[in-house]
1. Under the Karplus relation 6.51 cos²θ - 1.76 cosθ + 1.60, θ = phi - 60°, what is the ordered set of whole-Hz ³J(HN,Hα) values for segment 38-46, x standing for Gly and Pro?
2. At Met114 and Ser22, where each label point lies 7 Å from the Cα along Cα→Cβ, what is the point-to-point distance in nanometres?
3. Can you list residues whose amide H is under 5 Å from Lys17's amide H, if they're 5+ apart or on another chain and H is modeled 1.01 Å from N?
Amino acid sequence: MGIVAKNMVIAGEYQGKGVGVSFGLPFINTKITKPLYLDKGTVESYEVITEETRKSAASGIARGIVGGALLGPVGLLAGGLSAKNKGTVTLAIQFKDGGKSLIEADDKFYKALMQQMF
């Protein structure tokens, strides 16, 4: 049996909130009544965090989120998650309002996000 993605924000803004996909739209469960949909209107940029990304000095979002004070020791763990857990992706999200989140999600969430950002 494989490792199952947490499908949640593991650090940064909205930490501890669940993520999901509804009618093909990826979202963060910020409140019961109104989720935060992730699309071109709310997301400035995103990056898949891998072991290579975490080590790369050229990776702006990863350096800002994983290496920054925002995550502290969590960043050390987050870097290798997507490379080790098949079917699980760790994403650094930069929101248009300046906020940042680190999300651990499954392939379904990742594919929905890519479609919305294309």
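1. Result, ordered by residue: 9, 8, 4, x, 10, 9, 6, 7, 9 Hz.
2. Calculated label separation equals 2.5 nm.
3. Val9
Coordinate-derived values only; no laboratory data. Remember, predicted model here, so these are calculated numbers, not experimental data. Positions of Cβ are generated from backbone atoms using ideal geometry, with glycine treated the same way; all protein chains shown enter the neighbour counts.
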